[in-house]
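Report on one structure; see the data block that follows.
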Amino acid sequence: MTKTLHFDCLSGISGDMTLGALIDLGVSVDQIQQGLQSLNLPDLKLRTEEVKKCGFRAVQIHIDHPPEKAHRHLHHIDAMIDEATEINESAKALAKKIFLCVGEAEAKVHGCSLRKVHFHEVGAIDSIADIVGVAIAIDALDIQHATSSTIPTGTGAITIDHGRVAVPAPATAEILTGVPLMACDIESELTTPTGAAIIKTLARSFGPPPAMTPLRVGYGSGTRDLEGQANVLRVTLGELTEASSSQGQIETDRVTLLESNIDDATAEQLANVSELLMNAGALDVWQTPIVMKKGRLATTVSVLCDASRIGALQTLLFTQTSTIGIRRTEMNRSKLARESQIVQTPDGSATGKTVRLPDGTLRFSLENDEVKRLSSATGKPADQIRVEAQAAFAELLAVGREPSGVT
């Protein structure tokens with residue numbers, strides 16, 4: 001049976017809350033500490049304490065280590081993880097993936113390259129221990145699937161190394177793009193950048209728990225006391241039922257559909273607007289011919305996007321077309337997880353994407369830009385290029401190699 005975790009984030013999520021909940025599920029503290037000390041942190045000590053939050057017990061963790069003022073870059077943290085001798089390769093890969101999620105968000109909000117990003121709070125020993133400790137625990141529990149409730153961020157303002165900022169902090173807000181958020185008016189930072197990166201990396205969908213058989217329940221405590229509710233993260237370890245397992249490759253998220261009817265634009269103008277919308281971050285853009293009132297021919301321009309891109313895309317529609325109104329619809333979306341895959345064709349390497357269907361079958365398709373590139377370079381028909389790429393992918397499967405690198 002497929003092991004799964006479901007995160008109930010009523011009071012948000014942070015790295016220490018997650019690690020505490022996983023330890024409460026039964027992961028060995030000694031195993032985690034040995035892994036953390038092998039990060040060239042021999043003086044680090046991991047302590048746990050059972051506390052009460054609004055009358056409910058939970059595990060609170062404490063990271064003891066000598067004080068330091070180091071600001072690390074992503075490659076420094078990756079090197080620490082790579083050189084650790086007491087951490088499995090799968091746990092190392094997960095930890096690096098979580099740190100990459102944080103690094104990409106920091107690079108975006110600070111307008112710099114990924115290599116130049118230096119971590120402040122997330123680069124501190126506490127946060128490194130939280131993220132790597134969570135990766136070790138996930139690996140120890142042999143988790144193959146995870147889901148989460150929607151995420152509350154809290155409200156108000158906090159002070160970080162860059163000064164006073166609104167909640168959620170800029171990096172947290174960037175990490176949570178595309179993640180469904182829960183309405184919350186609690187004036188506190190409920191979700192930290194570390195917690196946001198952990199849940200975005202782990203969770204395949206956000207909403208109610210899947211059909212599963214619960215095995216154990218763990219509670220991780222936050223440091224603050226909240227008025228009217230327990231500041232705890234609940235994590236349920238379970239086994240997916242057969243029906244739920246067949247849906248294991250299906251992810252869900254929330255997207256927004258923007259639509260406008262335009263009756264006075266040429267085909268060239270609409271094509272240009274579509275290109276501009278895609279370049280501005282739309283997930284998809286399409287046009288539908290319609291007949292409006294009084295029998296006028298027109299076109300509906302439809303734009304699918306993440307919530308974070310609504311403002312920019314609406315502004316573009318208003319400025320680049322003659323529309324005076326845009327309809328907006330919030331939607332749930334189901335999608336198959338896609339992975340990038342390089343195949344070696346007779347004409348050289350080419351990049352495509354694979355998806356795993358609910359029954360476990362892998363499906364591969366070559367990127368259209370790659371088809372055009374190889375066809376132009378060789379003079380071969382596009383259909384032949386695709387057939388040869390499919391054959392190359394089949395050879396990979398025949399020798400037991402599976403795609404990696406979710407995009």
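For region 121-142, check the following and say yes or no: at least one residue is outside any helix (DSSP H, G or I) and in contact with a strand residue (DSSP E or B) (Cβ under 7 Å, 6 or more places away or on another chain).
In the first step, residues of region 121-142 are kept if they are outside any helix (DSSP H, G or I); the result is 121-124, 142.
Remaining after also requiring in contact with a strand residue (DSSP E or B) (Cβ under 7 Å, 6 or more places away or on another chain): 121, 142.
Looking through region 121-142, at least one residue is outside any helix (DSSP H, G or I) and in contact with a strand residue (DSSP E or B) (Cβ under 7 Å, 6 or more places away or on another chain).
Looking at region 4-33, which of its residues are β-branched (V, I, T), in a helix (DSSP H, G or I) and either in contact with a Phe, Trp or Tyr (Cβ under 9 Å, 6 or more places away or on another chain) or more than 27 Å from E239 (Cβ to Cβ) (or both)?
Of the residues in region 4-33, the ones β-branched (V, I, T) are 4, 13, 18, 23, 27, 29, 32.
Among the residues that remain, those that are also in a helix (DSSP H, G or I) are: 18, 23, 29, 32.
Within region 4-33, just T18 meets the criteria.
Quick check on region 370-392. Is at least one of its residues part of a strand (DSSP E or B), of a type outside the set (D, E) and surrounded by 13 or more Cβ atoms within 10 Å (Cβ to Cβ)? Before the answer, list the steps.
Kept after step one, since they are part of a strand (DSSP E or B), are these residues of region 370-392: none.
No, region 370-392 has no match at all.
Find the residue count for region 54-68, including only residues that are more than 29 Å from the chain's Cα centre (by Cα) and of a type outside the set (G, A, S).
So the first thing to find is which residues in region 54-68 are more than 29 Å from the chain's Cα centre (by Cα), and the list is 54-57, 64-68.
Then keep just the ones that are of a type outside the set (G, A, S); that gives 54, 56-57, 64-68.
Count: 8.
Restricting attention to region 2-57, report how many residues are at positive phi and either at pLDDT 95 or above or not polar (S, T, N, Q) (or both).
The initial filter retains those residues of region 2-57 that are at positive phi, namely 12, 26, 40, 54-55.
Checking which are either at pLDDT 95 or above or not polar (S, T, N, Q) (or both) leaves us with 12, 26, 54-55.
Within region 2-57, residues that are at positive phi and either at pLDDT 95 or above or not polar (S, T, N, Q) (or both) number 4.
Looking at (1) modelled with pLDDT of 90 or more; (2) out of contact with any Lys or Arg (no Cβ under 6 Å at 6 or more places or on another chain), which one does D263 not meet, given that it meets all the others?
Condition not satisfied by D263: (2).
What helices (runs of 4 or more DSSP H), lying completely within region 170-251, carry at least 2 residues that are modelled with pLDDT of 90 or more, in the same structural domain as A107 (by TED's automatic domain parsing) and under 23 Å from the mean Cα position of the chain (by Cα)?
So the answer is 170-175, 193-202.
Of (1) modelled with pLDDT of 95 or more; (2) within 24 Å of D30 (Cα to Cα), P67 satisfies all except one. Which?
(1)
Find all pairs meeting these conditions: Cβ atoms under 8 angstrom apart; at least six residues apart or on different chains; first residue within region 320-348 and of a type in the set (V, I, T); second residue crowded, with 16+ Cβ neighbours inside 10 Å and part of a loop (DSSP other than H, G, I, E, B).
T321/A265
Please verify whether D161 is surrounded by fewer than 24 Cβ atoms within 10 Å (Cβ to Cβ), closer than 23 Å to H110 by Cα and either polar (S, T, N, Q) or out of contact with any helix residue (DSSP H, G or I) (no Cβ under 7 Å at 6 or more places or on another chain) (or both), treating the condition exactly as stated.
Numbers: surrounded by fewer than 24 Cβ atoms within 10 Å (Cβ to Cβ): yes; closer than 23 Å to H110 by Cα: yes; either polar (S, T, N, Q) or out of contact with any helix residue (DSSP H, G or I) (no Cβ under 7 Å at 6 or more places or on another chain) (or both): yes.
Judged against the criteria, D161 is a match.
To keep it simple, each residue is scored yes or no on (1) part of a helix (DSSP H, G or I); (2) surrounded by fewer than 16 Cβ atoms within 10 Å (Cβ to Cβ); (3) not aliphatic (A, V, I, L, M).
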residue: L313; (1), (2), (3): yes, no, no
residue: S322; (1), (2), (3): no, yes, yes
residue: G325; (1), (2), (3): no, yes, yes
residue: M331; (1), (2), (3): no, yes, no
residue: S340; (1), (2), (3): no, yes, yes
residue: V343; (1), (2), (3): no, no, no
residue: T351; (1), (2), (3): no, yes, yes
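Could you go through region 146-161 and let me know if any residue there is closer than 19 Å to H71 by Cβ and either among the acidic types (D, E) or not in a strand (DSSP E or B) (or both).
The answer is yes; a qualifying residue exists.
Residues to consider are I136, I98, I131; find the one that is over 16 Å from the mean Cα position of the chain (by Cα) and not acidic (D, E). First the steps, then the outcome.
Values: I98 fails: over 16 Å from the mean Cα position of the chain (by Cα); I131 fails: over 16 Å from the mean Cα position of the chain (by Cα).
That would be I136, the only listed residue that is over 16 Å from the mean Cα position of the chain (by Cα) and not acidic (D, E).
Got a sec? Which of T153, T147 is hydroxyl-bearing (S, T, Y) and modelled with pLDDT of 95 or more? Working first, answer last.
On the way: T147 fails: modelled with pLDDT of 95 or more.
Testing whether each residue is hydroxyl-bearing (S, T, Y) and modelled with pLDDT of 95 or more leaves just T153.
Could we say that S260 is within 30 Å of D139 (Cβ to Cβ) and touching a Ser or Thr at 6+ places or on another chain (Cβ under 9 Å) here? Before the answer, list the steps.
Numbers: within 30 Å of D139 (Cβ to Cβ): no; touching a Ser or Thr at 6+ places or on another chain (Cβ under 9 Å): yes.
Taking the combined requirement at face value, the residue does not satisfy it.
Yes or no, residue by residue, for (1) in the same structural domain as R115 (by TED's automatic domain parsing); (2) in contact with a Phe, Trp or Tyr (Cβ under 6 Å, 6 or more places away or on another chain); (3) crowded, with 21+ Cβ neighbours inside 10 Å; (4) in contact (Cβ under 8 Å) with a residue 60 or more places away in the chain:
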position	(1), (2), (3), (4)
G35	yes, no, yes, yes
P42	yes, no, no, no
H65	yes, no, no, yes
E68	yes, no, no, no
D82	yes, no, no, no
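The values are calculated or read from the model by the stated rules, or taken from the named source; none is laboratory data. Everything numeric in this text was worked out from a predicted model, so none of it was measured. In this analysis, Cβ positions are derived from the backbone assuming ideal geometry, glycine residues included, and neighbour counts consider all displayed protein chains.
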